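Visitor: Here it is: the structure, laid out below.
The values are calculated or read from the model by the stated rules, or taken from the named source; none is laboratory data. Fair warning: this is a prediction, and the values are worked out from it, not measured in the lab. Please note that ligands, DNA and RNA were not included when accessible areas were found on the heavy atoms of the full protein model with its side chains. Shrake-Rupley method; radii C 1.70, N 1.55, O 1.52, S 1.80 Å.
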Amino acid sequence: MLIRDYNGTGKWSASAIRERYAELSARLGVERPLDLAPAEVSRGDNRWIYPVMDKVIAGIALSDAACIALGVEFLEEDQKFPFGANLKRRTACALRRAQLPSSLAIRLKRRIVAMLAAGNVPREYREYARLLRRIGFDDWWQQIEQQVPRNNPYAMRYYRYFRNIHDRSPSVVPRKG
């Protein structure tokens with residue numbers, strides 16, 4: 001039988017994600033923990049095991065605190081995954097709609113700004129930028145302005161996006177003073 005497991009390895013394997021979810025659920029007091037069993041499809045001698053992150057993304061949409069924490073961890077990860085760009089895009093989109101604790105929002109801001117400063121703006125960065133706009137970046141604007149790689153046209157595209165928000169939308173980016 002040929003098994004194709006589309007989950008990551010190590011700390012992003014299906015079993016490792018389920019273990020971390022159980023720990024986070026207990027620590028954060030999640031009343032109804034989700035079943036994070038991966039979706040599986042079998043046909044003949046082939047079996048496909050799909051990413052558990054699909055269930056985590058659904059949990060984020062349900063405001064599951066443990067799933068939200070796992071989603072933030074996932075966006076902080078540099079490792080490559082099967083369907084990784086799609087999963088990260090959907091995770092950022094779900095997090096944008098979630099109520100984020102300030103500690104997780106700070107972690108996301110740090111990650112998204114660091115990616116921009118490094119010129120690391122993959123396709124899914126569009127959703128990261130929208131997420132950063134949603135959680136606000138007033139306290140990170142100076143770092144964005146100073147560290148953006150001005151010779152990288154892709155990074156400059158997002159810099160201009162953030163600059164326009166910063167200049168025109170005080171309701172999105174609260175001003176001090």
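Visitor: Going Cα to Cα from Lys88, which aspartates and glutamates come in below 15 Å? Please leave out same-chain ones fewer than 8 positions away.
Guide: Those aspartates and glutamates meeting the cut-off are Asp54, Glu73, Glu76, Glu77, Asp78, Glu124, Glu127.
Visitor: Then there is this: Might you tell me the accessible area per residue for the range 21-107, computed with a 1.4 Å probe and given in Å²?
Guide: 53
Visitor: If you don't mind, another one. What is the range 102-146 by shape, rounded, prolate or oblate, if you read a ≥ b ≥ c off the alpha carbon gyration tensor as root eigenvalues and call it rounded for a/c under 1.5, prolate for a/b larger than b/c, and oblate otherwise?
Guide: Oblate, because a/c is 1.5 or more while a/b does not exceed b/c.
Visitor: Tally the DSSP beta bridges in the chain and give the antiparallel ones as a percent, rounded to 5. Could the numbers behind the result be given before it?
Guide: Numbers: 4 of 8 bridges.
If we restrict to bridges inside the chain, about 50 percent are antiparallel.
Visitor: State the volume of the convex hull built on the alpha-carbon positions of the range 22-177, expressed per residue in Å³ and rounded to an integer. Could you put the intermediate results ahead of the total?
Guide: Details: hull volume 20.6 nm³, N = 156.
Convex hull volume per residue, Cα atoms: 132 Å³.
Visitor: Whenever you get a sec, line up Trp141, Trp48 from highest to lowest accessible area (probe 1.4 Å, protein heavy atoms).
Guide: Result, largest first: Trp48, Trp141.
Visitor: Tell me, what is the percent relative contact order of the chain, built from C-alpha pairs under 8 Å that lie six or more residues apart?
Guide: Working: 204 pairs, mean separation 29.8, N = 177.
The normalised contact order for the chain reaches 17 percent.
Visitor: Where is the GNM fluctuation largest for the chain (alpha-carbon springs, 10 angstrom cutoff): Lys11, Lys55, Lys88?
Guide: Looking only at Lys11, Lys55, Lys88, the largest GNM fluctuation is found for Lys11.
Visitor: Per DSSP helix of 4 or more residues, -39500 (n - 2.57); summed, then divided by the residues of the chain. What does that give at 222 nm, rounded to the nearest 500?
Guide: Using -39500 (n - 2.57) per qualifying helix, the result is -17500 deg cm²/dmol.
Visitor: Among Leu70, Leu132, Leu24, determine the one that fluctuates most according to a GNM of the chain built with springs between C-alpha atoms less than 10 Å apart.
Guide: In this elastic network of the chain, the residue with the biggest mean-square fluctuation among Leu70, Leu132, Leu24 is Leu24.
Visitor: Give me the distance between the Cα centres of the range 1-52 and the range 149-167, rounded to whole Å.
Guide: Rounded to whole Å, the Cα centres lie 37 Å apart.
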